[in-house]
Amino acid sequence: MSDLLVLGGSGVDTTVYVPELPLPYRDTHHVPPVTDRIGNTGAGVALGCHALGLGVVFADLIGDDPQGALIRDALRDLDCRFGRAAAGSRRSVLLVGPDGRRTSLHDARAMPGERLPRELYAGVPVRHAHVSIIDACRDVFADLGGVPVSTDLHDWDGVNDHHRDFARQADLVFLSAAALPDPAATMREIIERGRAHTVVCTRGALGCLVLTRGSAVRAFPAAPLPGPIADTNGAGDAFVSGFLYGTLRDRPLEECVRLGAVAGAHACTVPGTHESPITEAVLLARSP
């Protein structure tokens, strides 16, 4: 039996380090080398948890294209089950400023009605499943055999219906406070209207908020940064990876938060954290 099944959320990120954000208009900006690397949140969590020594199974739809080949190669050490994405592999262009902030231009390559085939994931013996909020994964919950499920709503505004199915069908919900006018109210709504027992809302340098069923919202500080911020891409995935590692190792909630916070802090200081550097970032979270 594997520890973790990750469903959906692989793609290729084209990262461009720009002199400032927002980028002022001009015909040409000279930038450092532009890189293509594995991206998207499902791949980030799968790589992070694999780096921590968890047994990971990954299932997704990718294209028969150069980006699909890059995804296969980057995830070659994982147990992967791929189906064909009719419109090709997901793409993102990430503009990263000198302070590590980023703007993501995301091309989901989504086809109406496209779904992750059941044979890629149903019946796979695992202890936990993590579901990415892509439309192809919307209907997977009933096929997961009752295993605990987590999801990451990212910068949900608390209103967009796309996220609501995922928020209400997961046992452990991660999200960011970036677009929420009242994070605590949204967290309480997720608990009250869904099946979640725990909701974790990350707040960047302010740390995170945690709500468990039957308790009040608790605030936890961010972990100290080990160096200057280089690139915030993948920091949220590193946080989730550290938290899930603690969960699957039966650590107390407070320890799961610490593991996530340390992993996220280290990921911010390493450029391009969706590939090999995420290994270093997440492994450091295991230290006291």
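Would you confirm, using the coordinates I've provided, whether residue 35 is farther than 19 Å from residue 140 by Cα and touching a residue at least 60 places away in the same chain (Cβ under 8 Å)?
Values: farther than 19 Å from residue 140 by Cα: yes; touching a residue at least 60 places away in the same chain (Cβ under 8 Å): yes.
Against the criterion (farther than 19 Å from residue 140 by Cα and touching a residue at least 60 places away in the same chain (Cβ under 8 Å)), residue 35 qualifies.
So, in segment 63-73, exactly how many residues are touching a residue at least 24 places away in the same chain (Cβ under 8 Å), part of a helix (DSSP H, G or I) and either within 19 Å of residue 244 (Cα to Cα) or open to solvent by 20 Å² or more (accessible area, probe 1.4 Å) (or both)?
2
Residue 219 is checked against (1) open to solvent by 30 Å² or more (accessible area, probe 1.4 Å); (2) of a type in the set (A, V, I, L, M, F, W, C); (3) in a loop (DSSP other than H, G, I, E, B) and fails just one. What number does that condition carry?
The failed condition is (3).
Only one of these conditions is not met by residue 15: (1) open to solvent by less than 20 Å² (accessible area, probe 1.4 Å); (2) polar (S, T, N, Q); (3) closer than 21 Å to residue 126 by Cβ. Which number is it?
The failed condition is (3).
In the list 220, 166, 174, which residue meets the criterion of being at pLDDT 95 or above and in contact with a Gly (Cβ under 7 Å, 6 or more places away or on another chain)?
Values: 166 fails: in contact with a Gly (Cβ under 7 Å, 6 or more places away or on another chain); 174 fails: in contact with a Gly (Cβ under 7 Å, 6 or more places away or on another chain).
From the options 220, 166, 174, the qualifying one is 220.
Can you list residue pairs whose Cβ atoms sit under 7 Å apart, with the first residue in segment 78-90 being of a type in the set (Lys, Arg) and the second being part of a strand (DSSP E or B) and open to solvent by 20 Å² or more (accessible area, probe 1.4 Å)? Count only pairs 6 or more apart in sequence or on different chains.
Correct list of pairs: 90/107.
Of the residues 60, 36, which is in contact with a helix residue (DSSP H, G or I) (Cβ under 8 Å, 6 or more places away or on another chain), surrounded by fewer than 23 Cβ atoms within 10 Å (Cβ to Cβ) and among the charged types (D, E, K, R)? So that I can check it myself, show each step before the final result.
Working: 60 fails: surrounded by fewer than 23 Cβ atoms within 10 Å (Cβ to Cβ).
Matching residue, one of 60, 36: 36.
Does at least one position in segment 135-143 carry a residue that is open to solvent by 60 Å² or more (accessible area, probe 1.4 Å) and not polar (S, T, N, Q)?
Of segment 135-143, the ones open to solvent by 60 Å² or more (accessible area, probe 1.4 Å) are 139, 142.
Filter once more, so that each one left must be not polar (S, T, N, Q): 139, 142.
Checking segment 135-143: at least one residue is open to solvent by 60 Å² or more (accessible area, probe 1.4 Å) and not polar (S, T, N, Q).
Anything in segment 187-205 that is open to solvent by 30 Å² or more (accessible area, probe 1.4 Å), in contact with a strand residue (DSSP E or B) (Cβ under 8 Å, 6 or more places away or on another chain) and farther than 24 Å from residue 46 by Cα? List them, or say none.
188
Kindly provide the set of residues from segment 114-130 that are assigned to a loop (DSSP other than H, G, I, E, B) and either charged (D, E, K, R) or in contact with a helix residue (DSSP H, G or I) (Cβ under 9 Å, 6 or more places away or on another chain) (or both), ordered by number. Quick ask: steps written out before the conclusion?
Residues of segment 114-130 assigned to a loop (DSSP other than H, G, I, E, B): 114-117, 121-125.
Matches in segment 114-130: 114, 115, 116, 121, 122, 123.
Looking only at segment 144-186, which residues are in contact (Cβ under 8 Å) with a residue 24 or more places away in the chain, buried (at least 22 other Cβ atoms within 10 Å of the Cβ), part of a loop (DSSP other than H, G, I, E, B) and among the aliphatic types (A, V, I, L, M)?
Once the filter is applied, which keeps residues that are in contact (Cβ under 8 Å) with a residue 24 or more places away in the chain, buried (at least 22 other Cβ atoms within 10 Å of the Cβ), part of a loop (DSSP other than H, G, I, E, B) and among the aliphatic types (A, V, I, L, M), segment 144-186 yields only 170.
The values are calculated or read from the model by the stated rules, or taken from the named source; none is laboratory data. The structure displayed is predicted, hence computed values, not measured ones. Backbone-built Cβ (ideal geometry, glycine too); neighbour counts: all protein chains shown. In case anyone asks, the SASA skips ligands and DNA or RNA and just uses the protein heavy atoms, side chains included. Shrake-Rupley method; radii C 1.70, N 1.55, O 1.52, S 1.80 Å.
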